[in-house]
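The values are calculated or read from the model by the stated rules, or taken from the named source; none is laboratory data. Keep in mind it's a predicted model, so treat the numbers as computed, not measured. When we count neighbours, we look across all protein chains shown, and the Cβ atoms used for this are built from the backbone with ideal geometry, even at glycine. Calculation scope for accessible area: heavy atoms of the full protein, side chains included, ligands and nucleic acids excluded. Shrake-Rupley method; radii C 1.70, N 1.55, O 1.52, S 1.80 Å.
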Amino acid sequence: MTAGFDSLTDLDVSRGGIYALRGLADLGRPAPHQVGNLSSIAYTEADGRIYVLEDLNGAWRRIDVMSAVQGAPLAAGDPAAGAIGNEQIIVYRGRDGGLHALRRTTSGDATWSHDTVAAHAVDDPALLIDGGQAHAVFRDGLDLQGHAAYSAGAWTNDVTDPLQQAPEASGALAAYSFSGAV
């Protein structure tokens, strides 16, 4: 018997499956990225707040992104980050179970905005910048591969056809571009 649990507690069951468990246990992976000439690192603290470190001429500045954005839920895992020109994009799985994006343009007023990209996401997303578009890949609530593309200020979202889906696998998602396709 484990301390704090009675003999009727089943310790090896999860409603979210292995992907949700892995996502919850994998907190701490930073997301280094370049925004124009600015070197940045996005990361999540254990309390679910997302921070960005920026290298300003050899001195690092820490930004609490969650304080700068209204309505963005706390993170449930690690972010993925990238940039299209001077527009910084951070995608993450929220504690509300959705996939979210935080964006700002590093020139001008540099205010952060929040988008809900998908209602359901398990595991941490991956982000690919290709041809002026951002592509976030993630597992949705049915363990199907989700894909959301960001271009011209808007996200579009699709899920792969389950009949065309690869067999179940564990591990982190990855996105790549080959022959003009993501």
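General observations
- Arg93 vs. criteria open to solvent by less than 50 Å² (accessible area, probe 1.4 Å), more than 26 Å from Ser179 (Cβ to Cβ), out of contact with any Gly (no Cβ under 7 Å at 6 or more places or on another chain) and of a type in the set (D, E, K, R): no
- Close pairs (7 angstrom Cβ cut-off, 6 or more residues apart or separate chains): outside any strand (DSSP E or B) in the range 138-149, among the charged types (D, E, K, R) and surrounded by fewer than 17 Cβ atoms within 10 Å (Cβ to Cβ) anywhere: Asp143/Glu168
- Considering the conditions (1) closer than 19 Å to Gly48 by Cβ; (2) touching a residue at least 60 places away in the same chain (Cβ under 8 Å), Ser107 is excluded by exactly one of them, (1).
- With respect to the conditions (1) part of a loop (DSSP other than H, G, I, E, B); (2) open to solvent by less than 20 Å² (accessible area, probe 1.4 Å), Ala110 lacks only one, and its number is (2).
- Residue check for Gly71: surrounded by fewer than 16 Cβ atoms within 10 Å (Cβ to Cβ) and in a loop (DSSP other than H, G, I, E, B): yes
- Residue pairs whose Cβ atoms lie under 8 Å apart, separated by 6 or more positions or on different chains, with the first residue in the range 154-182 and modelled with pLDDT under 60 and the second in a loop (DSSP other than H, G, I, E, B) and open to solvent by less than 80 Å² (accessible area, probe 1.4 Å), are Val159/Asp140; Val159/Leu144; Thr160/Leu144; Pro162/Leu144; Gln165/Leu144; Glu168/Asp143.
- Within the range 130-157, the set of residues being among the charged types (D, E, K, R) and under 13 Å from Ile90 (Cα atoms) is empty.
- Filtered residue count, the range 35-56, keeping only those that are on the phi > 0 side of the Ramachandran plot and touching a residue at least 60 places away in the same chain (Cβ under 8 Å): 1
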